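Everything on this sheet refers to the single structure shown next.
The values are calculated or read from the model by the stated rules, or taken from the named source; none is laboratory data. Please read these numbers as outputs of a predicted model, since none were measured by experiment. Note that we place each Cβ from the backbone using ideal geometry, even for glycine, and neighbour counts take in every protein chain shown. Surface areas here come from the heavy atoms of the whole protein model, side chains and all, with no ligands, DNA or RNA. Shrake-Rupley method; radii C 1.70, N 1.55, O 1.52, S 1.80 Å.
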Amino acid sequence: YLEGTIRLTGQVHLKAPWGEMEGDELEVLPISKKELLASLFRWRGHVHFRFATGEVKCEEAEFDGVSRRGRCFGGESVVVYFTDQQAVQWEMQAKEVLFQAREGQEEVEAKGNVYIRQRQSEEVKKMSEYEVLAAYAKYAYGEKTLRLEGNKQARVLVWDHGRETRMSAPYIVFTWKEKGAPPFVKAEGDVRFVFQEEEYQRWKQSVKTL
């Protein structure tokens, strides 16, 4: 057992039961005399986490080896890739991301100007290609849901390119119910199926800067 802080630099790579982590610099704060992996890990520079259902890329991160929860931040944006229950990959971008890497209970929680898009593949032609803007988003693999929330200044905007439809609402939930089927989309509150002019301008500006 090593007491005190452990510092490693230069393309550091760590493989653990919950996944793989790498970055330019790692600081380990051991909190257990029995298990080094039950420590607090602080990463800096080109940080990349890979876990069972996704991966996270950012400039700075903290990860708790006991709870298997982490926080990513720094740089222009944090990028997350996650795979839903239909094996379709999604991409998420936000200023800050919280995640849990516990197998079967993987979660990704994003705050700020959140942008999400469904990444199409030739094998999944029947799936719609969604794009989303939200103030808050939480994807829970075990619950099979993607929860989206707006705020007083900005509503949740969803663009379904597969069906050529748009949706604007304070709260929207994607739920995966049937195997091989696209997600069920439910909106709550004042729901509109057209973007107002200010929403359309917000969409163009946000997607353009991502």
Under 13 Å from the Cα of Lys57 - aspartates and glutamates, other chains or at least 8 residues apart: Glu20, Glu22, Asp24, Glu76, Glu91, Glu96
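Could you give the accessible area per residue of the stretch 54-210, probe 1.4 Å, as a whole number in Å²? Spell out each step's value before the answer.
Numbers: 8140 Å² over 157 residues.
Heavy-atom accessible area per residue stands at 52 Å².
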Rg and Dmax [Cα atoms of the stretch 39-177; Å; Rg one decimal, Dmax integer]: 14.9, 48
Helix axis angle, 197-209 relative to the chain longest principal axis, alpha carbon, degrees: 40 degrees
Greater than 24 Å apart at Cα, pairs in Lys15/Lys95; Lys95/Lys186; Lys111/Lys186; Lys15/Lys138; Lys144/Lys204: Lys15/Lys95; Lys95/Lys186; Lys15/Lys138; Lys144/Lys204
Estimated 222 nm signal from helices in the chain, with DSSP H stretches of n ≥ 4 weighted -39500 (n - 2.57), rounded to 500: -2000 deg cm²/dmol
Solvent-accessible area, 1.4 Å probe, carbon plus sulfur percent, for the stretch 130-210: 50 percent
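For the chain, the longest stretch holding no trypsin sites (Lys or Arg not before Pro) located in a DSSP loop with at most 11 other Cβ atoms within 10 Å is which? Before the final figure, lay out each step's value.
Values: sites that count: Lys33, Lys34, Lys125, Lys126, Lys152, Arg163, Lys177, Lys179.
Segment 35-124 is the longest.
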